[in-house]
Amino acid sequence: MSNRAIVALKVLVHLACLAPFLVLAWHTWHDLRHPDAVALLGPDPTAALQHATGFAALRILIISLAITPVRRLSKSLGWLVRFRRMLGLYAFFYASVHLLIYLKLYANLDWPTLLNDLSRRRYIIAGFSAWLLLLPLALTSTKWSIRKLGKHWQTLHRLVYVAAILGIVHYWWIVKTGVRDPTKITIVLAIILLARPAWSFVDARRRQRRMAEVSPTR
């Protein structure tokens, strides 16, 4: 793919990633400006903002994880890797907004309340742990960090898989018992996680066949 096409596609990806935030900002502005009108965020705007930002973070994060297995399907898809860092940073952005909504609108920036919630509510522990894992990944997403960390950079950034799993756990624990909304995104993540060992197995079998073909026959 040409550089011009990559630039154009990056603009579209930026717009797609910003769309949920812009829609939420518009809905929030409308509801605050017109309190007597029908609320665009619904009867519980805080919960609506919390759910939308959390789901956006998880969805974008999983899309970024899907790039590696998808690009291995064909050499012509190698350009996809140029979008992985962008998507990862957007996922961290939405996760941070998700956290800030909780800190301000639920905990009211009160540390005793936060500590009490962390000790009593397991879904908050899972979600906060996922954000803590994403933090160093976002801070080391620059080319300078890649050069400085060297081979350790890739090892560090494998934590993204743990963060994604914790995000899914957070999602399951926060919904009511019997609700199956997280099922689809859980299946997608499971496929992505299983794709890596599957590719490794296929590559190992291919190497074995090549070695068998070049080895001298008796």
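Bear in mind these aren't lab numbers, they're just calculated from the coordinates by the rules spelled out. This one's a predicted model, so the numbers in the text were calculated from it and none came from an experiment. Neighbour counts run over all protein chains shown; Cβ positions are idealised from the backbone, glycine included.
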Everything considered on the Cα gyration tensor (a ≥ b ≥ c; rounded for a/c under 1.5, else prolate if a/b is larger than b/c, else oblate), the chain must be described as prolate
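Normalised by the number of residues in the stretch 44-195, what is the relative contact order in percent for Cα pairs under 8 Å and 6+ residues apart? All intermediate terms of the calculation are to be shown ahead of the outcome.
Working: 124 pairs, mean separation 39.0, N = 152.
Here the relative contact order equals 26 percent.
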Expected vector for the stretch 114-128, Karplus 3J(HN,Hα) from phi with 6.51, -1.76, 1.60 and θ = phi - 60°, integer Hz, x for Gly and Pro, equals 4, 5, 5, 5, 5, 7, 10, 10, 5, 5, 6, 4, 5, x, 5
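In debye to the nearest 20, how big a dipole does the stretch 44-195 give about its Cα centre with +1 on each Lys and Arg Cβ and -1 on each Asp and Glu Cβ?
On the way: 19 positive and 4 negative charges, 171 e Å.
The dipole of the stretch 44-195 has a size of about 820 debye.
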Mean-square fluctuation maximum in Gaussian network of the chain, Cα pairs under 10 Å, restricted to 32, 58, 132, hits 32
Among 68, 32, 125, the residue whose Cα sits farthest towards the positive end of the charge dipole of the stretch 1-137, when +1 is placed on the Cβ of each Lys and Arg and -1 on the Cβ of each Asp and Glu, is 68
Cross-link reach from residue 176 to lysines, straight Cα distance under 18 Å and at least 8 residues apart if same chain, gives 184
Any lysines whose Cα falls less than 23 Å from that of residue 143, other than same-chain ones fewer than 8 residues away, would be 10, 151
In whole Hz, the Karplus estimates of ³J(HN,Hα) for the stretch 188-197 (6.51, -1.76, 1.60; θ = phi - 60°; x where Gly or Pro) are 4, 5, 4, 5, 5, 5, 6, 5, 4, x
Along the stretch 87-104, Karplus-curve 3J(HN,Hα) (6.51, -1.76, 1.60; θ = phi - 60°) to the nearest Hz, with x for Gly and Pro, reads 5, x, 5, 5, 4, 5, 4, 5, 5, 5, 4, 4, 5, 5, 4, 5, 4, 8
Sorted by chain and then number, the residues having a modelled amide H within less than 5 Å of the amide H of residue 40, at least 5 places away or on another chain, are 31
Of 70, 169, 38, the most mobile residue in a GNM of the chain (C-alpha springs, cutoff 10 Å) is 38
